[in-house]
Amino acid sequence: MSAPTIRVINLLPAAFAVLAAILAINFFGQVTTPLLAIILAVILASALNPVARFFERWMSRALAASLTVLLLLGGLVGLGWLAIPPIAGQLTGLVGNLPSTLEGAQAQLETLAQRYPQLEQFVQPEQFQNFQAQLTEWLSSSVGSILQWAAGAVGLLFTGVVTLVMVIFVLSNPTPLIGGVLNAFPPQYRLQATRTLAQILVQMGAWGRATVTIMLATGAIMAAGLYFLGVENWLVFGVLAALGELIPNIGPILAGIPPVLFAAIDDPQKGLYVAIFAVAFQQLESYVLAPFLLGSAGKMHPLSVTVGVLLFGSVFGIVGAFLTVPFLIVIKAVYENFYLSQNGRTELTDDVAQALIRGDVGEEIEKEQEREEILKEEREKAAKARQEGQEAEQEKLSLQDVERLLGSEGQPADPTAAERPLVIEEQAPPRRSGDA
């Protein structure tokens, strides 16, 4: 009977990996604002690169980049000049009418409780009054901390200016930056890194342009729909719907709740119409508007995006939720170009996934194995053909050397070449370490 073997497992690499992950999460949690500025600069530079290339036909690259950023800044200032005054007026009216709105909500709930007595235990006037008092206290404290709001606005403005400056630097001369990133990889991985970086830049630029377009379209359509339905503060809710597009999948749903609630407090029937309109528009956006505008800007499953929002949002807060799609674009590009393409690996077809759902995956797996064997044979044949082609080319070059040496018709090209014997030098075998 053989003695039992003892296998020692070294857990230090796993422990160091976990520690590194914890430190990385803690580090990125502390630098969320600079990280947001850097990622926004990359996204804006990728999105504005086609515009800068268009202006580059008539001016230098640096001047084209500066003009592109100035046009963007001018558009934002003009939009703010037109939209901020009415939005501020409606927002002030919304806050001022909040007590009367809460009283109307309380009256609606009491009427509902009288109509349906089983709901009376869930509708207590004392609880609603406590909520109203807490909300009023929170609003008073928020108004009292005006200096903190001003400091936050100044910090946000400074971050925006720094982001625009970084966009100008990236657009003006991107070659050294891209070259520096690619040269950081070992030579054997540089081609994969180039493909990865190209995929990231293209998809981030497309995602940035599509996101801005969807935000503008969503805000305009929601504001117009609420206006025709007779909802007060329709412009504020339109802006809220546009900002909700910054958080994929979850943001639009959360942004659609406030107008429904405020409309229902004013008139339950109007609230029903607003809810129907919001749901119908979200379906239109999800299945028509977003796929048409996003196109190839990621090609990610909605479940992956939703899980990413939950994970990154729980770790990095609202900034992580906003940066979910850029993070997933980077992860997907690295996975496809470094892992999936290694050793000729290919993605499984959709037939295998559908067979898994049906429960008869055995036949599809056999087909997939046959397909992999065929691809493997084709790769081996291609490699063999390349090798034979290289050998034939080498023989052809050797024959050409002999023909040049002997002349075109068997006569020596050099008069003295016929008198010299053709010597074929053989390479001496390598000396062994034990030979004298």
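The values are calculated or read from the model by the stated rules, or taken from the named source; none is laboratory data. Computed from a predicted structure; not experimentally measured. Note that each Cβ is placed from the backbone with ideal geometry, even for glycine, and that neighbours are counted across all protein chains shown.
At a glance:
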quantity: Within segment 356-395, considering residues that are in a helix (DSSP H, G or I), within 39 Å of the chain's Cα centre (by Cα) and of a type in the set (Gly, Ala, Ser), the one modelled with the lowest pLDDT; calculated: Gly362
quantity: Check on Leu240, in contact (Cβ under 8 Å) with a residue 24 or more places away in the chain, within 22 Å of Ile84 (Cα to Cα) and either surrounded by fewer than 18 Cβ atoms within 10 Å (Cβ to Cβ) or touching a Pro at 6+ places or on another chain (Cβ under 9 Å) (or both); calculated: no
quantity: Flag for Phe277 being modelled with pLDDT of 80 or more, crowded, with 18+ Cβ neighbours inside 10 Å and farther than 30 Å from Ala333 by Cα; calculated: yes
quantity: Per-region count, segment 24-77, residues over 21 Å from Val212 (Cα atoms) and assigned to a helix (DSSP H, G or I); calculated: 14
quantity: From Gln269, Gln188, Gln203, Gln283, residue being part of a helix (DSSP H, G or I) and either hydrophobic (A, V, I, L, M, F, W, C) or surrounded by 15 or more Cβ atoms within 10 Å (Cβ to Cβ) (or both); calculated: Gln203
quantity: Near pairs, Cβ below 6 angstrom, 6+ apart or cross-chain, from segment 273-286 (closer than 12 Å to Val231 by Cβ) to any residue that is of a type outside the set (S, T, N, Q) and in a helix (DSSP H, G or I); calculated: Val274/Pro259; Val274/Val260; Val274/Ala263; Ala275/Val260; Phe277/Gly225; Ala278/Gly256
quantity: Residue in segment 220-229 that is outside any helix (DSSP H, G or I) and at pLDDT 80 or above present; calculated: yes
